[in-house]
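Derivation of every value follows stated rules applied to the coordinates shown; laboratory data play no part. Please read all numbers here as calculations on a predicted model, not as lab measurements. We place every Cβ from the backbone using ideal geometry, glycine too, and count neighbours over all the protein chains shown.
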Ligand code: PEP
């Protein structure tokens with residue numbers, strides 16, 4: 001039984017006023033989606049403000065990225081310890097924008113994943129192929145390489161606490177959502193890799209989110225797939241109604 005996880009990646013959006021409003025709006029309505037885990041990942045600058053706006057509501061707080069070192073001369077970076085210190089429980093790692101805009105490699109993402117575990121943070125490790133890789137029939141190989149690279153040296157105990165996210169790069173922010181068949185095929189393959197690399201019990205525990213143009217009108221079908229355990233949402237997470245509608249479409253905990 002995997003509780004659906006609905007995570008909002010606010011990216012570099014909002015300002016202090018709208019971030020607080022969005023957080024308060026989600027907090028006020030979190031009880032409408034029992035059996036669903038909600039998580040918001042605001043810009044670093046607004047993490048504490050959003051934490052305070054969420055108050056006691058059952059909504060988690062996550063970073064969108066971090067560096068792998070704990071402290072030091074790393075201008076502009078935020079550390080795992082800092083995220084944990086301000087009350088974040090999760091952190092998105094290896095998002096396609098980190099990979100393709102900022103040049104992060106699988107090795108970088110692996111260091112960050114290890115650092116997240118060491119700091120007691122739950123990593124949400126993203127994988128996903130480019131359009132040209134899909135068109136060349138390389139999707140499965142790319143996802144396997146990213147899975148192996150990001151999770152090198154990660155133990156069964158650690159991975160059991162983590163979350164994976166499949167985000168086809170061509171579907172992120174484009175309105176071009178993957179079909180349920182395309183998404184489920186990759187999710188099932190990720191589950192198989194978890195079984196092969198770890199064991200069936202771990203594979204049955206780890207949640208695998210889909211991300212890429214998830215909206216209220218396509219969420220039900222995607223989240224109804226056996227291996228899709230939630231969503232990582234960009235654009236639609238900036239609207240309280242849409243975020244909650246997607247959470248509602250996940251149907252809550254199913255046996
Ligand atoms: C994302 O940023 O992870 C994402 C999936 O964005 P969008 O929902 O806007 O496609």
Length added when fully stretched, residue 140-residue 71, from 0.36 nm per residue minus Cα-Cα: 21.2 nm
Going 7 Å from the Cα of residue 199 toward and past its Cβ, which residues in region 133-173 have a backbone nitrogen under 13 Å from where you end up? 156-158, 160
Per residue of the chain, what 222 nm ellipticity follows from adding -39500 (n - 2.57) for every DSSP H run with n ≥ 4, rounded to the nearest 500? -12000 deg cm²/dmol
Could you sort the peptides 134-147, 184-197 by per-residue average Cβ neighbour count (10 Å cutoff), highest mean leading? 184-197, 134-147
Hey, can you rank 1-7, 150-156 by average C-beta count inside 10 Å, highest first? 1-7, 150-156
In nanometres, the difference between 0.36 nm per residue of separation and the alpha-carbon distance of residue 192 and residue 1 is 67.0 nm
Mind checking the full-extension length gain between residue 152 and residue 31? Use 0.36 nm per residue of separation minus the Cα-Cα distance, one decimal, nm. 39.8 nm
Residue 101 versus residue 21: modelled label distance in nm, points set 7 Å from Cα along the beta carbon direction: 2.3 nm
Can you give the relative contact order of the chain as a percent, counting alpha carbon pairs under 8 Å and 6+ residues apart? 23 percent
Classify region 25-151: rounded, prolate or oblate, from the alpha-carbon gyration tensor (a ≥ b ≥ c, eigenvalue square roots; a/c under 1.5 rounded; otherwise prolate if a/b is larger than b/c)? oblate
Exposure proxy check: 14, 161, 205 ranked by fewest other beta carbons within 10 Å? 161, 205, 14
With a/c under 1.5 counting as rounded, go ahead and sort region 116-255 into rounded, prolate or oblate using the C-alpha gyration tensor (a ≥ b ≥ c being the square roots of the eigenvalues; past the cut-off, prolate if a/b is larger than b/c, else oblate). oblate
Which ordering of 177, 202 is given by a fewest-first count of other beta-carbon atoms within 10 Å? 202, 177
